[in-house]
1. Restricting to segment 87-98, give me the number of residues that are under 12 Å from the mean Cα position of the chain (by Cα) and under 10 Å from residue 64 (Cα atoms).
2. Inside segment 79-108, can you point out the residues that are outside any strand (DSSP E or B) and closer than 12 Å to residue 14 by Cβ?
3. Picking from 77, 70, which residue would you name as being touching a helix residue (DSSP H, G or I) at 6+ places or on another chain (Cβ under 9 Å) and under 26 Å from residue 21 (Cβ atoms)?
4. Any idea how many residues of segment 11-24 are more than 17 Å from residue 114 (Cα to Cα), touching a strand residue (DSSP E or B) at 6+ places or on another chain (Cβ under 7 Å) and surrounded by fewer than 20 Cβ atoms within 10 Å (Cβ to Cβ)?
5. When you go through 36, 4, 17 one by one, which is the residue that is more than 17 Å from residue 98 (Cα to Cα) and at pLDDT 95 or above?
6. With the checklist (1) over 19 Å from residue 82 (Cβ atoms); (2) touching a strand residue (DSSP E or B) at 6+ places or on another chain (Cβ under 8 Å); (3) modelled with pLDDT of 95 or more in hand, flag the one item residue 137 doesn't pass.
7. For segment 112-171, name all the residues that are within 18 Å of residue 75 (Cα to Cα) and not in a helix (DSSP H, G or I).
8. Do you know which residues across segment 131-158 are buried (at least 20 other Cβ atoms within 10 Å of the Cβ) and within 13 Å of residue 104 (Cβ to Cβ)?
């Protein structure tokens, strides 16, 4: 199976669902943010502070390309906002938008000091960012899955939608 790239707003469940998919599909799981932290030997806030967000976004795109071929990848909340990065992911795997509502995401991220956007923005500002990003996630994804219900239900739905997408792609060839 090709790589599965999970995208969506911070707190939508990418890492949680990614780990579950990894177990069910017997594919390696990589959290892109953790991969970047290990590679850079700096935290995400340190990277943002010392090198800036444009550097981090470039690094995200480079690291995503290193994870081609049979991975479950939980992308960062901003990774697939970049059209060229999204095009790469769609060409080399299946992109899945985990579509969660803002109150759920906010409840999960509101006290997370490891997220520069959370630390530097109010709830209202984060909701505006969420509203701006959501249509981009939708446009840049192969599959959209509502991130509501139990982890097991969401995981099973992702698998079903990815298999349907792959079946349709193969039928078009």
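The values are calculated or read from the model by the stated rules, or taken from the named source; none is laboratory data. No experiment lies behind these values; they were computed from the predicted model shown. Methodologically, a virtual Cβ is constructed for each residue, glycine included, from the backbone with ideal geometry; neighbour enumeration extends over all protein chains shown.
1. Counting residues in segment 87-98 that are under 12 Å from the mean Cα position of the chain (by Cα) and under 10 Å from residue 64 (Cα atoms) gives 1.
2. 79, 80, 100, 105, 108
3. Working: 70 fails: touching a helix residue (DSSP H, G or I) at 6+ places or on another chain (Cβ under 9 Å).
Answer to the selection: 77.
4. Residues flagged as more than 17 Å from residue 114 (Cα to Cα), touching a strand residue (DSSP E or B) at 6+ places or on another chain (Cβ under 7 Å) and surrounded by fewer than 20 Cβ atoms within 10 Å (Cβ to Cβ) within segment 11-24 amount to 2.
5. 36
6. (1)
7. 112, 114, 115, 140, 141, 142, 143, 144, 145, 146, 147
8. Within segment 131-158, 147, 154 qualify.
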